[in-house]
Amino acid sequence: MVLLSSFRTHDNNRGQHTPLTPLPKAKAWWTPLLTTQRKEFTKATGRAKKLRTSDSYATARQSNLGYFKAIKRAKASYWADFLAKTSPNKIWMAKQLIAPRKTPRFPSLPDA
């Protein structure tokens with residue numbers, strides 16, 4: 001019985017204690033511009049699904065391309081800033097971030 005009451009209080013308080021903002025390092029490259037473009041992209045795709053016209057699909061396609069190009073630009077600029085601010089002592093950390101894995105994910109199978 002105690003277990004059920006704790007679940008109820010947890011469910012009732014869930015909305016009050018759940019943080020609505022992401023952690024700062026979760027997507028450090030994310031910008032407020034990307035947030036507005038994501039909202040426009042979502043609205044345009046919803047409109048295209050609802051109206052099903054060629055104009056709405058074209059608008060959705062353009063917002064899609066703009067949104068994902070903006071993400072690529074934001075990631076590239078963040079990476080360039082990261083490398084510019086990196087000290088010589090921490091350059092090895094940057095090397096490890098871009099280096100390929102030493103071990104393959106799947107072992108090679110011998111020829112049978």
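The values are calculated or read from the model by the stated rules, or taken from the named source; none is laboratory data. A quick note: this is a predicted structure, and the numbers were derived from the prediction, not measured. Heads up, the Cβs are rebuilt from the backbone with ideal geometry, glycines too, and the neighbour counts pull from every protein chain shown.
Details
- All of S63, S56 fail the test of being under 30 Å from D81 (Cβ atoms), modelled with pLDDT of 95 or more, more than 15 Å from the chain's Cα centre (by Cα) and polar (S, T, N, Q), apart from S63.
- Selected residue [assigned to a helix (DSSP H, G or I) and over 30 Å from F41 (Cα atoms)] from Q62, Q96: Q96
- When residues of the range 83-112 are limited to those that are hydroxyl-bearing (S, T, Y) and within 28 Å of W29 (Cα to Cα), the one surrounded by the fewest Cβ atoms within 10 Å (Cβ to Cβ): S87
- Matching entry among G15, G46 (being in a helix (DSSP H, G or I), under 24 Å from the mean Cα position of the chain (by Cα) and at pLDDT below 95): G15
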